[in-house]
1. Which one of these does Arg200 not meet: (1) more than 18 Å from Ser419 (Cβ to Cβ); (2) outside any helix (DSSP H, G or I)?
2. Failed condition for Tyr35, given (1) surrounded by 10 or more Cβ atoms within 10 Å (Cβ to Cβ); (2) over 30 Å from Leu114 (Cα atoms); (3) of a type in the set (Ser, Thr, Tyr), with all others met?
3. Which of (1) of a type in the set (D, E, K, R); (2) more than 19 Å from the chain's Cα centre (by Cα); (3) part of a helix (DSSP H, G or I) does Lys242 not meet, given it meets every other one?
4. Residues in the stretch 207-214: is at least one of a type outside the set (S, T, N, Q), out of contact with any Cys (no Cβ under 7 Å at 6 or more places or on another chain), under 16 Å from Ala265 (Cβ atoms) and not in a loop (DSSP other than H, G, I, E, B)?
5. Is it the case that Glu407 is surrounded by 13 or more Cβ atoms within 10 Å (Cβ to Cβ), over 23 Å from Asp296 (Cβ atoms), of a type in the set (Asp, Glu) and free of Cβ contacts under 8 Å to residues at least 60 places away in the same chain?
6. Conditions: (1) within 16 Å of the ligand (Cβ to nearest atom); (2) exposed (fewer than 15 other Cβ atoms within 10 Å of the Cβ); (3) of a type outside the set (Lys, Arg). Cys400 meets all but one. Number of the miss?
7. Looking at (1) loosely packed, with under 13 Cβ neighbours inside 10 Å; (2) more than 28 Å from Leu212 (Cβ to Cβ); (3) under 23 Å from the mean Cα position of the chain (by Cα), which is the one condition that is false for Ile75?
Amino acid sequence: MIRTILVFALIVVIAVAAVWLSDYPGDVRLTWGGYVVETSVIIVGALAFVFAVFVALIYRFWIWLKHGPGRIGAIFSARRRNKGLEAISSGMVAIAAGDAVEARRQAVAAEKHLSGEPMTLLLAAQAAELNEDNRAASIYYDRMMSRDDTEFLGLRGLINRAIKEGDLEKARDLAKRADELRPGTSWVLKELYELALKLRDWEGAESALTRLARGKSAKGDAVKRAKAVITYEQALSAMKEKETAKALSLAQQAHELAPTFVPAAVLDVELTAEQGSTRKLHKLIGEAWKHAPHRDLAEAIRSSVSGEQPSDWFRRAKETVAPHNPDHVETHLMLAKAALASNNWAPAREHLMRAGGDNPSASIFRMLAELEEKANADAFAAREWIVKSSLAPQDPLWICNSCGRQEEKWQAHCPACDSFDSFAWKTADRGPHNPDVIEAEIVREISADR
Ligand SMILES: [Zn+2]
């Protein structure tokens, strides 16, 4: 209302002034250089008024810009931000597509528009990785490490870098830091477990595995098996330190965790024979043979009684060991060997035949040859078995599941490819059957005979 009155009053004043001016007309004469401008006072007044209004408007606009919270800045930074985000998204696409050059170009663009943002750092580090620029990648990861919101992400990058460079100790230290930052993160625990295994840090591997496998998965066979192998290695370490009681307890734990794990069964029998009671040993042998029949275990059981005669061992094997797993190939093999060593020819032949089954391995033929020579002094028959043994399938061995390396003795890590718990007891694949090669071999043997 007041505003309306004020505007009305202003119009009245202007009208009165205009009338007054027209009543007292006058001239304005302006001389400038060679120009002369002549006009009336009314025109000059009108021009002055328009100029004042224009200046007022400019002033109002300036105040609006100045007092609006970062109005100009906001307009420009939003544009920058959009450009930066565009560069980051294109860069990530380039990384996923493996386009190293484009990734680097977008990383530079992102750095220009969105410098210091977590995503920009990540893109720059990944682009450097893709370009195999290790130094730059490390620098970006280090920069990520110095910020609270990207430290964890930077750690992951640095851990992978350290592993790639083969510095496992450094990788483990970084993984421990990551575990402190976010305890229980699955990938960190997995990394801690793998690194501990590679460094043969059995305690570290055990604790990482225990934390990794919680609840249901802790009862899974694979976890139990891995724990058994780790515990077995700890038992071996205890034996090296001459801590025999600790070694026995660890061997028992390992054997209990995975009853089919042959090395633990063997060690448990050996150490119980040294330290335990006869009753305990007797019970243990039965259990072990039931779940982990194997030639190494047979040997451990045989030597658990010192100074035993071959005929006594044959009787003990037949009466106290074999009944726990009577039809297994290893049972027949154990009995055949014991019978052969104690000159019990008939049972030796019977168990060799049953151990061989349809496809006897080389060692069965060699034992048959030994039998012919010892029992019947039949050199001709023995020679026949020897020839057959050379064509028979190989005996089983510990063979690495990931690289095929063959070992006589089981090991936790493959000496060739460093895989953990990769050895399985099995027959080697002889490779593709090639009749030409075998024929050539036979021809060579025949001509060598002449
Ligand atoms: Zn291997």
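The values are calculated or read from the model by the stated rules, or taken from the named source; none is laboratory data. The structure displayed is predicted, hence computed values, not measured ones. As a convention, Cβ positions derive from the backbone with ideal geometry for all residues, glycine included, and neighbour counts pool all protein chains shown.
1. (1)
2. The single condition Tyr35 does not satisfy is (1).
3. Going through (1) of a type in the set (D, E, K, R); (2) more than 19 Å from the chain's Cα centre (by Cα); (3) part of a helix (DSSP H, G or I) one by one, Lys242 breaks only (3).
4. Scanning the stretch 207-214, I find no residue that is of a type outside the set (S, T, N, Q), out of contact with any Cys (no Cβ under 7 Å at 6 or more places or on another chain), under 16 Å from Ala265 (Cβ atoms) and not in a loop (DSSP other than H, G, I, E, B), so the answer is no.
5. no
6. Among (1) within 16 Å of the ligand (Cβ to nearest atom); (2) exposed (fewer than 15 other Cβ atoms within 10 Å of the Cβ); (3) of a type outside the set (Lys, Arg), Cys400 violates only (2).
7. (3) is the only condition that Ile75 fails.
So that you can scan it fast, the table gives a plain yes or no per residue for (1) surrounded by 13 or more Cβ atoms within 10 Å (Cβ to Cβ); (2) of a type in the set (D, E, K, R); (3) touching a strand residue (DSSP E or B) at 6+ places or on another chain (Cβ under 6 Å):
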| residue | (1), (2), (3) |
| --- | --- |
| Pro360 | yes, no, no |
| Ala375 | yes, no, no |
| Asp378 | yes, yes, no |
| Ile386 | yes, no, no |
| Pro396 | yes, no, yes |
